[in-house]
Amino acid sequence: PLRSLLLRGSWGEGFRAPPLYSLNEPSRNSDVLGGIPDPARCPVTGTLDDCLIIVPLTTGGNPNLQPETSTQWNFGVVLEPVRGLSLAVDYWNIEQKGVITTVDPEYIVANEERFPGRVIRGPVDPAYPTLPGPIVAVDGSLMNIGVTQTSGIDAAASWTSAATEAGRFSLSLQGTYVRQFDTQLDGVTTVSLLGDATVGTPMPRWRSTLTFDWTKGPWGATLSQLYSSGYVESHQDAESGMREVGAASSWDLQGRYMGFRGWQLVAGIRNLLDSEPPFSLKSNFQFGFNPQVASPLGRTFYLRATYSLK
């Protein structure tokens, strides 16, 4: 509507086809550890076989999986009040359906009517002709189940100076504020994973990248910060049953030279301050940190040379 003002928005539908390993991963059999009651038979028979069942559990791929589907929309504003300064705010909303996941076998048994064919039963016991047959196996392979609803705000600000004798300077900040991340881990109960790792993988409320850049002729340098806000996780020894996992922050530094025709030479340091990731009690195949939030690598140096044909 104005030279300094831009309005933008979009709406769309999407899908994600099941990965090949989700379709074709070989089935594996294991026991239902600990034993669980058969809700249809245990209250009537009271037998150990019905009240503490230990039956084969099948896990693995499922060739009948359907694509995950989604609906998403966003609306945003970009403002350039003066030359070299840009401010942007975008609101986004995503709904994902038919999420491919596994379900706790105990929940499958307790809600057999919701998962037809997942609880395999034997022939009807003549001693209890009005009851279904005893459970002989449980199918816990991947399935399409549940809805995930998330929304948030993307914010961006950037400033670039005019050319000076000392070079050209720029500063930018890009961040995402997540205001909602609700999902159904069992296909029924909706829980929030926003800043909360007590029931699943947490979604940090705020993530951002702050960048300082300088260029002069063929020379250039960039200093950037990656930041992810903290969250809470369960902790049995804490009075509240939860503990805080601190925010993750690291700084990177990079220098570059492009004075040779077609060449770009780069030297850099990742994790300039040698920061450690915030300590976490939860295990994600690693111990002591969450790899989805921070890296355990300390200060790292790298060199890179790139040649482009023009």
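The values are calculated or read from the model by the stated rules, or taken from the named source; none is laboratory data. Computed from a predicted model, the values in this text were never measured in an experiment. With ideal geometry, Cβ positions are generated from the backbone for all residues, glycine too; neighbour counts draw on all protein chains shown. Accessible surface areas use protein heavy atoms only, side chains included; no ligands, DNA or RNA. Shrake-Rupley method; radii C 1.70, N 1.55, O 1.52, S 1.80 Å.
Quick rundown of the values:
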{"read-out": "Selection from region 261-310 of residues that are of a type in the set (Ser, Thr, Tyr) and under 26 Å from the mean Cα position of the chain (by Cα)", "value": "Ser275, Ser280, Ser283, Ser295, Thr300"}
{"read-out": "Single condition Arg168 does not satisfy, out of (1) in contact with a Ser or Thr (Cβ under 6 Å, 6 or more places away or on another chain); (2) not polar (S, T, N, Q); (3) not in a strand (DSSP E or B)", "value": "(3)"}
{"read-out": "Count of region 128-151 residues which are in contact (Cβ under 8 Å) with a residue 12 or more places away in the chain and more than 18 Å from Ile53 (Cα to Cα)", "value": "11"}
{"read-out": "Lone qualifier among Ala127, Ala137 - being out of contact with any strand residue (DSSP E or B) (no Cβ under 7 Å at 6 or more places or on another chain), farther than 30 Å from Leu87 by Cβ, surrounded by fewer than 18 Cβ atoms within 10 Å (Cβ to Cβ) and of a type in the set (Gly, Ala, Ser)", "value": "Ala127"}
{"read-out": "Sole exception among (1) at positive phi; (2) touching a Pro at 6+ places or on another chain (Cβ under 6 Å) for Ser229, by number", "value": "(1)"}
{"read-out": "Identity of the residue in region 262-291, among the aliphatic types (A, V, I, L, M) and modelled with pLDDT of 85 or more, that ends up least open to solvent (accessible area, probe 1.4 Å)", "value": "Val266"}
{"read-out": "Matching option when the condition is outside any helix (DSSP H, G or I), small (Gly, Ala, Ser), within 29 Å of Gly12 (Cβ to Cβ) and open to solvent by 30 Å² or more (accessible area, probe 1.4 Å), among Ser151, Ser158", "value": "Ser158"}
{"read-out": "Residue match in region 112-119 (condition: hydrophobic (A, V, I, L, M, F, W, C) and either open to solvent by 50 Å² or more (accessible area, probe 1.4 Å) or farther than 30 Å from Ser30 by Cα (or both))", "value": "no"}
{"read-out": "Matching residues in region 181-195 - criterion: being more than 15 Å from Tyr231 (Cβ to Cβ), more than 13 Å from the chain's Cα centre (by Cα) and part of a strand (DSSP E or B)", "value": "Gln184, Thr190"}
{"read-out": "Qualifying residues in region 175-210 (those that are open to solvent by 70 Å² or more (accessible area, probe 1.4 Å) and in contact with a Lys or Arg (Cβ under 9 Å, 6 or more places away or on another chain)) - the one nearest to Ala247 (Cα to Cα)", "value": "Arg205"}
{"read-out": "Region 292-306, subset farther than 16 Å from Pro204 by Cα and modelled with pLDDT under 95, residue least open to solvent (accessible area, probe 1.4 Å)", "value": "Gly298"}
{"read-out": "Residue among Arg168, Arg118, Arg179 that is of a type in the set (Lys, Arg) and closer than 30 Å to Pro218 by Cβ", "value": "Arg168"}
{"read-out": "Residue count for region 183-218, restricted to those that are under 30 Å from Phe260 (Cα atoms) and either touching an Asp or Glu at 6+ places or on another chain (Cβ under 6 Å) or touching a residue at least 40 places away in the same chain (Cβ under 8 Å) (or both)", "value": "8"}
{"read-out": "Selection count where residues are part of a strand (DSSP E or B), within 22 Å of Pro278 (Cα to Cα) and open to solvent by less than 30 Å² (accessible area, probe 1.4 Å), scope region 211-231", "value": "3"}
{"read-out": "Candidates Ser275, Ser250, filtered to the one that is within 17 Å of Ser228 (Cβ to Cβ), out of contact with any Cys (no Cβ under 8 Å at 6 or more places or on another chain) and in a loop (DSSP other than H, G, I, E, B)", "value": "Ser275"}
{"read-out": "Filtered residues of region 137-164 (kept if farther than 30 Å from Asp213 by Cα and either modelled with pLDDT under 90 or not polar (S, T, N, Q) (or both))", "value": "Ala137, Val138, Asp139, Gly140, Leu142, Met143, Ile145, Gly146, Val147"}
